[in-house]
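Student: Attaching a single structure in structure tokens format; questions to follow.
The values are calculated or read from the model by the stated rules, or taken from the named source; none is laboratory data. Keep in mind it's a predicted model, so treat the numbers as computed, not measured. Neighbour counts are summed over all protein chains in view; Cβ atoms, including those assigned to glycine, are modelled from backbone coordinates with ideal geometry. Heads up: the accessible areas ignore ligands, DNA and RNA and are worked out on the full protein's heavy atoms, side chains in. Shrake-Rupley method; radii C 1.70, N 1.55, O 1.52, S 1.80 Å.
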Amino acid sequence: MERIVTLDEFIIKTQQDFPGSSGSLTRILRDIGIAAKIVNREVNMAGLVNILGRADSSNASGEDVQKLDIFANEVMIDCLKNGGECAGVASEELENVIAFDPVEGQTAEYLVLMDPLDGSSNIDVNVSVGTIFGIYKRESDTNKKVAEKEFLQRGSALVAAGYVLYGTSTMLVYTTGNGVNGFTLDPSIGEFCLSHRNMKMPASGNYYSVNQGYYLKFDLEMRRYIDHCSDLNLRLRYIGSMVSDIHRIMFQGGIFLYPNTRKYPAGKLRLVYEGNPMSFIVEQAGGKALNTKLERILDVEVKELHQRTTIIMGSSDMVNDLQEFVERYSAINS
Ligand code: P6P
């Protein structure tokens with residue numbers, strides 16, 4: 001039996017990949033791991049305690065907020081604040097960023113962006129949900145209070161990104177720019193244990209993931225590409241939780257699409273909280289991540305915190321195929 005490697009051990013060991021690292025990023029990843037275990041406990045008991053159902057509020061994107069959203073948001077913020085390594089947080093659940101007061105004797109050099117509970121509409125029906133996070137290094141003077149503009153960095157500036165999938169098992173998957181590693185929570189010891197070292201996304205796959213219900217609301221070239229997937233006899237899999245849909249593609253290959261619609265002309269998903277962190281992970285695993293203008297998502301300028309983006313994300317050969325298909329189709333029809 002291979003020796004168990006816990007998340008904490010692995011983070012500390014790989015810290016040596018960053019000469020001169022102070023250990024601050026290591027401690028932030030540890031704090032996120034702690035928060036994930038607490039959220040996992042509540043997600044797993046959501047049916048048993050009065051935490052199901054909608055809170056009487058909506059988030060910064062105007063979406064109904066489930067009580068577990070609020071809980072996950074508060075747990076992540078508390079763990080990051082108490083850790084003292086994070087200068088501030090931007091959350092999909094909050095209109096504005098939160099600047100933490102400095103902890104005595106510590107200099108907080110990092111910023112965390114997060115979607116604390118992605119896919120929360122699945123909670124009440126016991127379908128998997130996730131947490132998404134991205135970590136930036138502060139660009140401004142670390143002695144100054146965090147300002148919103150510090151969070152508006154391109155995805156290419158991310159120093160780390162990851163997601164937690166609360167599914168049949170609970171996994172934490174993250175990258176610090178040296179590949180992607182997956183950890184599965186062993187509830188018997190309360191530790192995330194290394195279970196998927198150096199995850200690599202297959203270059204192609206038999207799945208496409210899109211909300212087919214919006215088919216008629218997509219632009220023509222997207223509809224024709226979806227028809228193309230059907231002509232190729234690809235299988236449609238769509239859970240309604242980006243973390244779950246991308247996690248499948250990490251293992252089995254495939255392509256995830258969230259194109260623009262009349263309701264969401266710039267796309268529904270948030271660039272900062274979903275698009276950039278998931279793109280970093282996908283690219284580090286060998287996949288590709290573009291928007292429907294065929295721009296690399298990580299290169300897109302971040303102009304405002306709750307900016308939305310369209311998403312084409314997944315196996316490199318399939319994203320390349322879509323790119324050629326759309327360029328060919330646009331040329332014929334321009
Ligand atoms: P729709 C969940 O609300 C989310 O932000 C993503 O996790 C998911 O991929 C998408 O929205 C689902 O949106 O419009 O298909 O229900």
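Student: Under a crude label model (7 Å from the Cα following the beta-carbon direction), how far is Arg54 from Val125 in nanometres?
Tutor: 1.6
Student: Kindly state, to the nearest 0.05, the FRET efficiency for Asp299 paired with Ser61, given R0 = 22 Å and r defined as their beta-carbon distance.
Tutor: For Asp299 and Ser61, the calculated efficiency is 0.45.
Student: Can you tell me which of Ser279, Ser169, Ser128 moves the most in a GNM of the chain? Springs connect C-alpha atoms under 10 Å apart.
Tutor: Evaluated over the chain, the most mobile residue of the options is Ser169.
Student: A further question follows. So how much slack lies between His228 and Asp101, counting 0.36 nm per residue of separation and subtracting their Cα-Cα distance, in nm?
Tutor: That pair, His228 and Asp101, stretches by 40.4 nm at full extension.
Student: Which of the aspartates and glutamates could a cross-linker span from Lys145 if the Cα-Cα distance has to be under 15 Å and same-chain partners fewer than 8 positions apart are dropped?
Tutor: Glu85, Asp101, Glu104, Glu109
Student: Could you pull out every residue, at least 5 positions away or on a different chain, whose amide H is within less than 5 Å of the one on Ala160? Hs are placed 1.01 Å off N in the peptide plane, and Pro or chain starts have none.
Tutor: Result for Ala160 returns Ile135.
Student: Let me ask something else. Which entries of Lys37/Lys288; Lys37/Lys67; Lys217/Lys293 show an alpha-carbon separation above 20 angstrom in the structure shown?
Tutor: Correct reply: Lys37/Lys288.
Student: Using 7 Å Cα-to-Cβ label points, what is the Ser169/Ala147 separation (nm, one decimal)?
Tutor: For Ser169 paired with Ala147, the spin-label model returns 4.7 nm.
Student: Given contacts defined as C-alpha pairs under 8 Å and at least six residues apart, what's the relative contact order of the range 246-334, whole-number percent?
Tutor: 37
Student: Using θ = phi - 60° and the Karplus relation 6.51 cos²θ - 1.76 cosθ + 1.60, list the HN-Hα couplings for the range 204-217 in order, rounded to whole Hz, with x at every Gly or Pro.
Tutor: Values per residue, Gly and Pro as x: 8, x, 9, 10, 10, 10, 7, 7, 4, x, 9, 3, 6, 9 Hz.
Student: Can I ask one more? Set the Förster distance to 22 Å, then compute FRET efficiency between Asp8 and Ala157 from the Cβ-Cβ distance, nearest 0.05.
Tutor: Efficiency for this residue pair is about 0.25.
Student: Counting only residues 5 or more places away or on other chains, whose amide H sits under 5 Å from the amide H of Ser195 once H atoms are built in the peptide plane?
Tutor: For Ser195, the qualifying residues are Gly182, Phe183, Thr184.
Student: Angle, helix 67-83 long axis vs. longest principal axis of the chain, Cα atoms, 0 to 90°, nearest 10?
Tutor: Relative to the chain, helix 67-83 is tipped by roughly 50 degrees.
Student: Continuing with this model, one more query. Using 0.36 nm per residue of separation minus the Cα-Cα distance, give me the extension gain between Leu236 and Ile38 in nm, one decimal.
Tutor: Between Leu236 and Ile38, full extension yields 68.0 nm more.
Student: If you don't mind, there's one more thing I want to ask. Using only the alpha-carbon atoms, what does the range 119-195 span along each of its principal axes? Please give whole angstrom values in decreasing order.
Tutor: 43, 30, 22
Student: Take the range 141-299, drop everything but the C-alpha atoms, weight them equally and run the Debye formula without solvent; then report log10 I(q)/I(0) at 0.15, 0.17, 0.19 Å⁻¹ to two decimals.
Tutor: Log10 of I(q)/I(0), two decimals: -0.88, -1.08, -1.27.
Student: With each label point set 7 Å from Cα along the Cα-Cβ vector, what nm distance links Gln252 and Leu220?
Tutor: Inter-label distance under the simple model: 3.3 nm.
Student: Now for a different question. Which cross-chain or sequence-distant (5 or more) residues have an amide H under 5 Å from the amide H of Thr292, H modelled 1.01 Å from N in plane?
Tutor: The list, which skips near neighbours in sequence, is Thr310, Ile311.
Student: May I ask you to give the solvent-accessible area per residue for the chain, in square angstrom, as obtained with a 1.4 angstrom probe?
Tutor: 44
Student: Then there is this: How much length is gained on full extension from Gln16 to Ile189, taking 0.36 nm per residue of separation minus their Cα-Cα distance?
Tutor: 59.7 nm
Student: Which whole number of Å³ per residue matches the convex hull of the alpha-carbon atoms in the chain?
Tutor: Dividing the Cα hull volume of the chain by its residue count gives 142 Å³.
Student: Which one of Val103, Val272, Val125 has the biggest mean-square fluctuation once the chain is modelled by GNM with Cα springs under 10 Å?
Tutor: So, out of Val103, Val272, Val125, the one fluctuating most is Val125.
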